[in-house]
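The values are calculated or read from the model by the stated rules, or taken from the named source; none is laboratory data. Keep in mind it's a predicted model, so treat the numbers as computed, not measured. Don't worry about glycine lacking a Cβ; one is built from the backbone with ideal geometry, like all the others, and counts go over all protein chains shown. Note: areas computed on protein heavy atoms with side chains; ligands, DNA, RNA excluded. Shrake-Rupley method; radii C 1.70, N 1.55, O 1.52, S 1.80 Å.
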Amino acid sequence: MAPRLFWIGLGNMGRGMSANIVEKANLDQPLLIYNRTKQRCIDLSEKLPAGKTETVDSIAEGVSKADIIFNILSNDAVVEASIAEILKNDVKGKLIIECSTIHPNTTEKVAQQVEAAGAQFVAAPVFGAPAMADAGQLVGVLAGPKTSVDRARPYFKGVTSKAEINMSDEPYRKAMTLKLIGNTFVLNMVEQLAEGHVLAEKSGLGTDYLHQWIEGMFPGPYAAYSTRMLTGDYHKREYPLFTVDLARKDAGHAMSLAKDAGVRLHNVETGDVHLAELKAHVGEKGDIAGIYGAVRMENGLPYENE
């Protein structure tokens with residue numbers, strides 16, 4: 001019999017990942033799902049074949065039925081609260097897979113709590129945008145004891161992910177360290193695109209020619225973010241793909257890591273300043289691509305590009 005799985009967290013990433021587990025993993029029982037806002041469980045279940053998911057009303061209910069528990073939540077405090085709820089139950093022999101992006105210190109802290117309760121733990125953050133989560137095209141990073149990682153791997157490459165970075169027998173914190181450093185590349189990319197497009201506009205070159213060059217030289221994420229900026233998606237969408245608060249959380253964790261290592265992340269500092277300006281201008285609905293609007297305002301242009 002295949003392990004029973006329990007999924008906690010149906011945000012932008014969790015929805016796509018859990019749907020791919022339902023569709024591609026070797027499950028012989030419905031995927032247990034839980035979200036603080038229950039409507040998200042209902043909405044997901046309606047999009048998937050009948051009988052493939054089971055909504056639970058509490059973390060305790062899901063833990064009691066599951067062998068493997070996935071956690072993907074917004075920040076360190078929420079993760080710690082979720083782990084605390086999980087550990088109120090008998091978890092001996094169970095596996096907890098932590099996919100949230102949190103500080104490496106937080107990861108080590110909750111891992112110790114999980115192991116002390118007799119369960120296994122894997123730090124498994126993922127790289128990719130929500131569209132990549134929907135398509136099962138993420139890159140998973142798995143760290144922890146090899147026996148634990150081996151239990152987790154069937155749900156990554158070929159299911160939720162197109163590739164994996166296997167850190168078997170490495171400290172849990174290494175997975176989160178890589179995740180945070182990797183996310184600085186995303187922030188730096190968005191910052192460079194924003195600055196480039198504003199310069200192209202104000203210098204008279206025009207953003208269309210720069211966008212064509214980006215599509216030719218840097219297809220993929222660069223071109224996608226460039227499109228989001230120039231089409232106004234960064235200020236038109238109802239719900240952000242990568243919220244300003246989450247982007248600032250990741251930037252803060254990365255700068256904390258850098259400080260501890262004696263390194264200065266000048267580019268991240270600049271991006272974080274623009275994220276702060278974005279948050280001040282539009283509030284929590286701001287999306288990381290809205291850095292473009294912040295750079296526009298800083299250079300005498302309106303936040304919205306139309």
| query | Where in the stretch 201-265 are there helices (runs of 4 or more DSSP H), lying wholly inside it, with at least 2 residues that are within 23 Å of the chain's Cα centre (by Cα) and either surrounded by fewer than 16 Cβ atoms within 10 Å (Cβ to Cβ) or of a type outside the set (A, V, I, L, M) (or both)? | reply | 221-230, 233-236, 244-261
| request: Return the only residue of Ala175, Ala143 being at pLDDT 95 or above, part of a strand (DSSP E or B) and either more than 27 Å from Glu61 (Cβ to Cβ) or aromatic (Phe, Trp, Tyr) (or both). | output: Ala143
| message | Looking only at residues that are open to solvent by 50 Å² or more (accessible area, probe 1.4 Å) and in contact (Cβ under 8 Å) with a residue 40 or more places away in the chain in the stretch 266-281, which one is nearest to Asn183 (Cα to Cα)? | response | Asn267
| field | Subset of the stretch 189-200 that is among the small types (Gly, Ala, Ser) and open to solvent by less than 10 Å² (accessible area, probe 1.4 Å) - its residue that is nearest to the chain's Cα centre (by Cα) | value | Ala194
| task | Search the stretch 33-47 for residues that are over 18 Å from Lys65 (Cα atoms) and pair each with any residue that is open to solvent by less than 70 Å² (accessible area, probe 1.4 Å) and assigned to a strand (DSSP E or B) when their beta-carbon atoms are under 6 Å apart and the residues are at least 6 apart or on different chains. | result | Ser45/Thr53
| said: Of everything in the stretch 93-118, what is assigned to a helix (DSSP H, G or I), in contact with a Leu (Cβ under 8 Å, 6 or more places away or on another chain) and in contact (Cβ under 8 Å) with a residue 40 or more places away in the chain? Give them in sequence order. | reply: Pro104
| task | Being in contact with a helix residue (DSSP H, G or I) (Cβ under 9 Å, 6 or more places away or on another chain) and modelled with pLDDT under 95 narrows it down to one of Asn20, Asn26, so name that one. | result | Asn26
| For the stretch 119-140, which residues satisfy the criterion of being part of a loop (DSSP other than H, G, I, E, B) and either among the aromatic types (Phe, Trp, Tyr) or open to solvent by less than 40 Å² (accessible area, probe 1.4 Å) (or both)? | Ala119, Ala124, Pro125, Gly128, Gly136
| query | Under the condition of being touching a Lys or Arg at 6+ places or on another chain (Cβ under 9 Å) and polar (S, T, N, Q), which residue from the stretch 154-188 is most open to solvent (accessible area, probe 1.4 Å)? | reply | Asn166
